[in-house]
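Here the structure is laid out as structure tokens; the discussion comes afterwards.
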Amino acid sequence: MTDSAGVPAIRFTGCSKRFGETVVLDDFTWDVPVGRRVAILGPSGSGKTTLLRLVMTIERLDAGVIEVFGRPIATGRDVPSSRQISERQVREVRRDVGMVFQQFNLFPHMSALQNVTEAPIRVLGKSKEEAAEHGRELLRQVGLQGKEDAPPRQLSGGQQQRVAIARALAMEPRIMLFDEVTSALDPELVGEVLEVIRQLAEHSSMTMLLVTHEIGFARDVADEVLFMEHGRVVESGPPEQVLGSPREERTRSFLRAVGPH
């Protein structure tokens, strides 16, 4: 599915990124249709997180173009100056994209509700009242009703990550990026965060990219699974194919290594 103009939610064209001598994304070309939920798997260093950070413009492309709903959000150094984009244009396009990181990155001196409302007030220009009403509803959606006034230090890791999800949703993005959002959590807290994302996938039309090692979760939530290694796509397809009957030996060995799924 694409939007009404037939444009994908995200388009990567010839994207490359290196850190020093290490190539982390290698001439990567890929379209993400509107509304698609994609789980991205792969060993450490395969380029998964870099992919998300490039969409968020946290990292700079070396080559290629990334477009969000047909508008460029990142251009590599190889792109002619006539096609380079201004910081103002980047900010406008980036409003369509939200991201939840491995670490919660909450403001420690703010309550859960204040963490959720800060950006809508400052960036979107919402009134404090409007932002607070929406923030309370989002905290209720992620199972934190009654925790609005709690500072992060009074919340478990799972609760903090759910505040971080509510905070990203408060900016009303059309695309959500999740980067190993359970990797910093104690095992008993993983399920509560994954359940919030499951519900989000079920009840919203947002495009979602999910970097994860939770194979069962990927099977449940994703429309498409992408297996990456050395900055390239090794295999992609529906979860039942990639996770159930992978064609590539490298995919099979990775799935064996990460354990039962």
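Residues of region 100-123 that are within 27 Å of T49 (Cβ to Cβ), outside any helix (DSSP H, G or I) and open to solvent by 20 Å² or more (accessible area, probe 1.4 Å): F101, Q102, Q103, F104, N105, L106, F107, P108, M110, V123.
Report whether or not H134 is in contact (Cβ under 8 Å) with a residue 24 or more places away in the chain, open to solvent by 20 Å² or more (accessible area, probe 1.4 Å) and either among the small types (G, A, S) or part of a loop (DSSP other than H, G, I, E, B) (or both). Answer is no for this residue.
If I filter region 75-84 down to residues being open to solvent by 60 Å² or more (accessible area, probe 1.4 Å) and of a type in the set (S, T, N, Q), which single residue comes out as nearest to E172 (Cα to Cα)? Spell out how you get there, then give the answer.
If we filter region 75-84 for residues that are open to solvent by 60 Å² or more (accessible area, probe 1.4 Å), which is where we start, we get 77-78, 80-84.
Going one step further and asking which of them are of a type in the set (S, T, N, Q), we end up with 81-82, 84.
Values: S81: 32, S82: 31, Q84: 27 Å.
Only one residue tops the list, namely Q84.
Only one of the listed residues (E67, E87) is surrounded by fewer than 18 Cβ atoms within 10 Å (Cβ to Cβ), of a type outside the set (K, R) and farther than 25 Å from V163 by Cβ. That residue is E87.
Considering only residues in region 1-54 that are in contact with a Ser or Thr (Cβ under 9 Å, 6 or more places away or on another chain) and assigned to a loop (DSSP other than H, G, I, E, B), the one that is nearest to V181 (Cα to Cα) turns out to be G45. Considering only residues of region 137-150 that are more than 22 Å from the chain's Cα centre (by Cα) and in contact (Cβ under 8 Å) with a residue 12 or more places away in the chain, which is least open to solvent (accessible area, probe 1.4 Å)? Among residues in region 137-150 that are more than 22 Å from the chain's Cα centre (by Cα) and in contact (Cβ under 8 Å) with a residue 12 or more places away in the chain, the one least open to solvent (accessible area, probe 1.4 Å) is A150. Condition first: open to solvent by 60 Å² or more (accessible area, probe 1.4 Å) and either part of a helix (DSSP H, G or I) or over 20 Å from P43 (Cα atoms) (or both). Can you find one or more residues in region 224-239 that meet it? The answer is no; no qualifying residue exists.
Which one of these is assigned to a strand (DSSP E or B) and either polar (S, T, N, Q) or open to solvent by less than 50 Å² (accessible area, probe 1.4 Å) (or both): L210, L200, L194? Lay out the reasoning, then the answer.
On the way: L200 fails: assigned to a strand (DSSP E or B); L194 fails: assigned to a strand (DSSP E or B).
Result of the check over L210, L200, L194: L210.
What number of residues in region 198-224 are closer than 16 Å to P33 by Cα and more than 14 Å from the chain's Cα centre (by Cα)? Give the derivation first.
Taking region 198-224 first, the residues closer than 16 Å to P33 by Cα are 201, 204-210, 221-224.
Filter once more, keeping what is more than 14 Å from the chain's Cα centre (by Cα): 204-205, 223-224.
Adding up the residues that qualify gives 4.
The values are calculated or read from the model by the stated rules, or taken from the named source; none is laboratory data. Quick caveat: nothing in here was measured; it's all calculated off a predicted structure. Using ideal geometry, Cβ is built from the backbone for each residue, glycine included, and neighbour counts are taken over all protein chains shown. In case anyone asks, the SASA skips ligands and DNA or RNA and just uses the protein heavy atoms, side chains included. Shrake-Rupley method; radii C 1.70, N 1.55, O 1.52, S 1.80 Å.
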